[in-house]
Amino acid sequence: MEGARAAGVAAAVEVARQVLAGGGDALDAAEAAAVFLEEDPAFNAGTGACLNAEGEVEADASVMASDGRSGAVAALRGVRNPIRAARRVMERTDHVLLAGEGAARFAAEEGLPTADLVTAESRRRYREMCTALESGGAGEGLRHLARGRDLARRAAARARTGDLGGTIGAVVRDDRGLLAAATSTGGMWMKLPGRVGDSAVIGAGTYAAPWGAASATGHGEGILRLGLTRRCVDLMRELGAQEACRRAMDEATSGGVECGIIAVDGRGGTGDATNGWMPTARWTG
Ligand code: ASP
């Protein structure tokens, strides 16, 4: 997976660059990069995203521009590009976040394409995890509780392997000085249905202000508690993107949160930091 993901992020940067070259703004470029990565089954977003405890993809995605515009979807099923749905929430509603069935109905009304996001590979991994759950001795009546326990155990196992799970993020500053951040994920394997992570929450998984924009990946519950991207963007009032990422990551590490963050500052400086493994790519024009 590592080689495929590294190649994917490099190609996504080129997609974003072309959008900017064609006159698109930072938001268009961040969205295009995110769509490209959602279509790549190597990542935990869109097609090939991880499955919840019922074997379904429930996607979280959010987008924010430095002028304050923001939109998000949570626990969204069956929409091919959740990041497009997040942008539509931003542009076509009075809300910031739509969840579940309401979000899916809204996406359908907006004419966004549906898709079966479950791949043969994700189905195979799901079966493997079910077998693991069953051999963990969970009684029938305790299935949901057992899944909850298993989610925590698996998050810890991922922390040990350093694999942050393939959530995708993009941060862009365009030549007019607009900044944008976009994040999209299937969440975490075997999560309880209805669970919403940081990637749907402005200030946790995604944040943008005139002095910085950031996108996060990693253990969603920890990132939510830290308000990680908001913290990183606040640091960029005084610091460049790289130093802000480093400091935000130090705080996350001291708090025991396995995660990664990418950022761009108001002058176009870029940064990334992780306490796991996270491929990144960047382009500066
Ligand atoms: N942050 C995502 C979530 O908790 C998962 C990830 O980034 O791997 O939903």
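The values are calculated or read from the model by the stated rules, or taken from the named source; none is laboratory data. Quick caveat: nothing in here was measured; it's all calculated off a predicted structure. All Cβ positions, glycine included, derive from the backbone under ideal geometry; neighbour counts span all protein chains shown. Areas reflect the complete protein model, heavy atoms only, side chains present, ligands, DNA and RNA absent. Shrake-Rupley method; radii C 1.70, N 1.55, O 1.52, S 1.80 Å.
Within segment 195-235, track down each residue that is near the ligand (Cβ under 10 Å from one of its atoms) and either open to solvent by 40 Å² or more (accessible area, probe 1.4 Å) or among the aliphatic types (A, V, I, L, M) (or both). Hits for segment 195-235 are V196, A200, V201, A204, A216, H219, E221, I223, L224, L228.
A4 falls short on exactly one of the conditions (1) surrounded by fewer than 17 Cβ atoms within 10 Å (Cβ to Cβ); (2) closer than 17 Å to I262 by Cβ, and that condition is (2).
Scan segment 169-188 residue by residue and report those that are of a type outside the set (S, T, Y) and near the ligand (Cβ under 9 Å from one of its atoms). Before you say what the answer is, go through the steps one by one.
Our first condition is that a residue be of a type outside the set (S, T, Y); within segment 169-188, this holds for 169-182, 186-188.
Answer for segment 169-188, where residues must be of a type outside the set (S, T, Y) and near the ligand (Cβ under 9 Å from one of its atoms): G169, G186, G187, M188.
So for segment 99-107 (the condition being among the aliphatic types (A, V, I, L, M) and at pLDDT below 95), does at least one residue qualify? No: segment 99-107 contains no residue that is among the aliphatic types (A, V, I, L, M) and at pLDDT below 95.
Every residue in segment 186-202 that is acidic (D, E) and assigned to a loop (DSSP other than H, G, I, E, B), please. Those that are acidic (D, E) and assigned to a loop (DSSP other than H, G, I, E, B): none in segment 186-202. The set of residues from segment 79-99 being among the small types (G, A, S) and either in contact with a Cys (Cβ under 9 Å, 6 or more places away or on another chain) or surrounded by fewer than 18 Cβ atoms within 10 Å (Cβ to Cβ) (or both) comprises just one member, A99. Can you find a residue that is more than 30 Å from R84 (Cα to Cα) and at pLDDT below 95 anywhere in segment 160-182? Yes, some residue in segment 160-182 is more than 30 Å from R84 (Cα to Cα) and at pLDDT below 95.
Restricting segment 256-281 to residues that are among the charged types (D, E, K, R) and more than 13 Å from S215 (Cβ to Cβ), which is surrounded by the fewest Cβ atoms within 10 Å (Cβ to Cβ)?
So in segment 256-281, the residues among the charged types (D, E, K, R) come out as 258, 265, 267, 272.
So of that shortlist, the ones also more than 13 Å from S215 (Cβ to Cβ) come out as 258, 265, 267.
Details: E258: 23, D265: 26, R267: 12.
My answer is R267.
So if I check each of A107, A103, A53, A26, which one is within 16 Å of the ligand (Cβ to nearest atom), under 24 Å from A180 (Cα atoms) and either open to solvent by less than 20 Å² (accessible area, probe 1.4 Å) or touching a Phe, Trp or Tyr at 6+ places or on another chain (Cβ under 7 Å) (or both)? Going through A107, A103, A53, A26 in turn, just one is within 16 Å of the ligand (Cβ to nearest atom), under 24 Å from A180 (Cα atoms) and either open to solvent by less than 20 Å² (accessible area, probe 1.4 Å) or touching a Phe, Trp or Tyr at 6+ places or on another chain (Cβ under 7 Å) (or both): A103.
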